[in-house]
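First the structure, in the form of structure tokens, and then the observations on it.
The values are calculated or read from the model by the stated rules, or taken from the named source; none is laboratory data. Since the structure is predicted, the reported quantities are computational estimates derived from the model, not experimental observations. Cβ coordinates were reconstructed from backbone atoms using ideal geometry, including for glycine residues, and neighbour counts include every protein chain displayed.
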Amino acid sequence: MVFKLARLCPFIASCDLVVGETTCDGKKKDYEIFAGYAPVYVMEIPQMKNACDRDLWKAETLRFKDKIEEITGNAITAEKLAGATKIVKDRRRALQRLIQLRAAIPTPISGRDVLLINQVSFYDDPIRFTQQINKLCDELEARVQAHQGIVPEKTPRLMLSGCPMAVPNWKLPYIVESSGAVIVGEESCIGTRNTRDLVEEKAQTLEAMLDALADRYMRIDCACFTPNTERLDNITAMAKDLKVNGVIHYGLSFCTPYATEAFKVEKALQAAGIPMLAIETDYSMEDVEQLKTRVEAFVEMIR
């Protein structure tokens with residue numbers, strides 16, 4: 001952990017503002033370290049979904065709005081927020097289109113490539129990114145219509161579930177797709193959880209738009225929430241829709257919420273007749289051979 005923080009600090013120092021959130025205790029303490037390198041703003045994330053929790057999140061949304069106006073010197077108006085919301089929704093729609101196309105049998109694109117696309121979506125100019133992803137989707141549609149896949153049709157189809165994989169975390173997808181399987185979906189905050197819900201467009205006033213934004217993010221089924229039964233339903237439904245042969249539940253080391261929730265996820269998937277392999281690892285390469293052995297055995301089991 002200390003090594004990873006040391007590598008991050010030069011990047012942090014180049015930021016005008018670091019925006020953090022309290023989805024886990026580890027992040028909260030990391031932000032205290034980051035504050036020694038750049039200004040840090042932390043948003044309090046509710047841990048439940050009662051009316052009072054929604055009120056807390058709305059208050060945090062308003063507080064963040066005020067902070068952005070203070071830093072930039074620009075007022076956030078209904079017109080500007082509507083335009084920004086449309087840009088983000090267009091990006092999410094492009095990613096939704098990609099998600100639908102990769103579900104084809106045989107799949108026209110590897111899971112590693114889609115993971116990198118999802119990772120880049122957080123950094124690239126959103127308008128340019130949306131244009132390029134729609135161009136890619138045009139190419140993928142042609143491949144699907146021609147029944148062309150990047151792997152044979154009978155290749156075991158797997159879904160990743162759990163912690164998000166931020167850059168440069170490509171270890172597990174590489175292991176999976178070099179072990180005779182293909183990844184056709186990610187249930188995580190860098191996968192479908194990021195794109196599944198769109199902000200309501202009916203709002204006209206700034207207050208109503210901020211309400212719509214708050215409501216959209218309260219629908220996320222991150223493991224930080226309790227209870228979190230909707231995540232179990234979403235994982236099972238997604239696995240069935242994608243016609244996967246199995247699910248790999250990924251937990252980043254020391255991420256207790258996802259490690260604990262893996263128990264309930266496995267029970268839900270077992271009830272649906274879907275095999276699951278739970279893996280807990282980090283960004284390092286020391287356990288690659290051990291993980292490869294486990295993944296290869298899982299792939300053989302589900303063939």
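Below are the figures for this structure:
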item: Conditions (1) outside the structural domain of E207 (by TED's automatic domain parsing); (2) over 22 Å from the mean Cα position of the chain (by Cα); (3) exposed (fewer than 15 other Cβ atoms within 10 Å of the Cβ): number failed by M48; result: (2)
item: Residue check, D233 charged (D, E, K, R), without any contact (Cβ under 8 Å) to a residue 60 or more places away in the chain, surrounded by 19 or more Cβ atoms within 10 Å (Cβ to Cβ) and farther than 20 Å from L98 by Cβ; result: no
item: R216 surrounded by fewer than 21 Cβ atoms within 10 Å (Cβ to Cβ), without any contact (Cβ under 8 Å) to a residue 24 or more places away in the chain and within 16 Å of the chain's Cα centre (by Cα); result: yes
item: Residue within the range 26-41 that is among the basic types (K, R), touching a strand residue (DSSP E or B) at 6+ places or on another chain (Cβ under 9 Å), part of a helix (DSSP H, G or I) and more than 23 Å from A13 (Cα to Cα) present; result: no
item: Single match in F254, F263 (criterion: at pLDDT below 95 and either over 26 Å from A104 (Cβ atoms) or basic (K, R) (or both)); result: F254
item: Count - residues of the range 263-303 that are among the hydroxyl-bearing types (S, T, Y) and closer than 24 Å to K154 by Cα; result: 1
item: Within the range 230-262, tally of residues that are under 20 Å from the mean Cα position of the chain (by Cα) and more than 15 Å from F298 (Cβ to Cβ); result: 23
item: From E289, E296, residue being at negative phi, without any contact (Cβ under 8 Å) to a residue 24 or more places away in the chain and not in a loop (DSSP other than H, G, I, E, B); result: E289
item: Candidate set: the range 117-149, residues that are surrounded by fewer than 16 Cβ atoms within 10 Å (Cβ to Cβ) and part of a loop (DSSP other than H, G, I, E, B); chosen: the one nearest to the chain's Cα centre (by Cα); result: F122
item: Tabulated pairs, the range 1-21, first modelled with pLDDT of 80 or more and outside any helix (DSSP H, G or I), second among the polar types (S, T, N, Q) and surrounded by fewer than 11 Cβ atoms within 10 Å (Cβ to Cβ), C-beta under 9 angstrom, 6+ apart or interchain; result: none
item: Filtered residue count, the range 36-63, keeping only those that are over 24 Å from P227 (Cα atoms) and free of Cβ contacts under 8 Å to residues at least 40 places away in the same chain; result: 7
item: L252 of a type outside the set (S, T, N, Q) and more than 30 Å from I76 (Cβ to Cβ); result: yes
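Conditions tested, residue by residue: (1) under 30 Å from V182 (Cα atoms); (2) among the acidic types (D, E); (3) assigned by TED's automatic domain parsing to the domain that holds T155; (4) part of a helix (DSSP H, G or I).
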residue	(1), (2), (3), (4)
F64	no, no, no, yes
I68	no, no, no, yes
I71	no, no, no, yes
A84	no, no, yes, yes
R93	yes, no, yes, yes
Q96	yes, no, yes, yes
L101	yes, no, yes, yes
